[in-house]
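Take a look at the structure set out below.
The values are calculated or read from the model by the stated rules, or taken from the named source; none is laboratory data. Because the structure is a prediction, the values reported are computed rather than measured. SASA here: full protein model, heavy atoms, side chains in, ligands and nucleic acids out. Shrake-Rupley method; radii C 1.70, N 1.55, O 1.52, S 1.80 Å.
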Amino acid sequence: MINPGSNVQADEMDNDFDSEMENEKEMKKTSAFEADMDEDLESEAALAQMAGSLLMEGEEDDTNLDEIENILELPDTGYPKFTLAKNKARFLRMVSWYRGKEEWIEVAPLSGVTKLFKQQTKELEGIRSSKLDYEMELETGTLTPSQRSYRRDELKMCRVQEKMAVHLISKLQVKIKSGRR
C-alpha cells in the first residue's frame, strides 16, 4: 500500500527543484547578450585594463628587460607589453609557473631539484636558439608589419623566459649545493 503522505513530499520536492532551477537560470546567463549592464561595465573595465597592457601595431614597449633583475618581483604594471592578448596570457601563465617552481624549491627533495635543473638547462638551450632565430628574422627586413610585430612579441617572450629560466637555474644550483653538504 502507498503512503498518501509521501506523495505530498514528492510534490514539494519537485516544486523546490523547479524553483532552484529557475533561480539558477537567472544567475547563469546563457549568452553574452543576456548579461546585465553591471557585468558589461565590469568586462569593459577588464578589457580596458588588458588594452593598457597590450601594444598597438607599430608601438614599441619601453620596458628594458636587461635592467630587470627578477621579473617575478615586478608589479603587474611593470610587466612587458605584448601585441597579442594570447601572448600576454601566455606570459602570465609562465610567470605563475616560475613562481610555483620557486616556492616548490623550498620544500623539494634533492632528486626533484636535480631533475628540474637538468630539464631547465636543456630548455634554456632551446630558448636561446629560438631567440637567435627571431633576432635573425627581424634583421632581414623581409617581414610584413604584422609578421614583424608577431616576431617581436615572440622575441620578447624568449628574452623574458630566458631571464626567468636563468634565475630559476641559479636558485636550483644553490639548493643542490646546499643539499649535498
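What to note about this one:
- Surface composition of the range 66-181: carbon plus sulfur atoms hold 52% of the accessible area, using a 1.4 angstrom probe and ignoring ligands, DNA and RNA.
- For Phe82, distant residues with modelled amide H under 5 Å away: Leu55
- Solvent exposure of the range 120-160 amounts to 59 Å² per residue of accessible area, where only protein heavy atoms count and the probe is 1.4 Å.
- Computed over the range 105-156, the quotient of the alpha carbon radius of gyration and 2.2 N^0.38 Å is 1.69.
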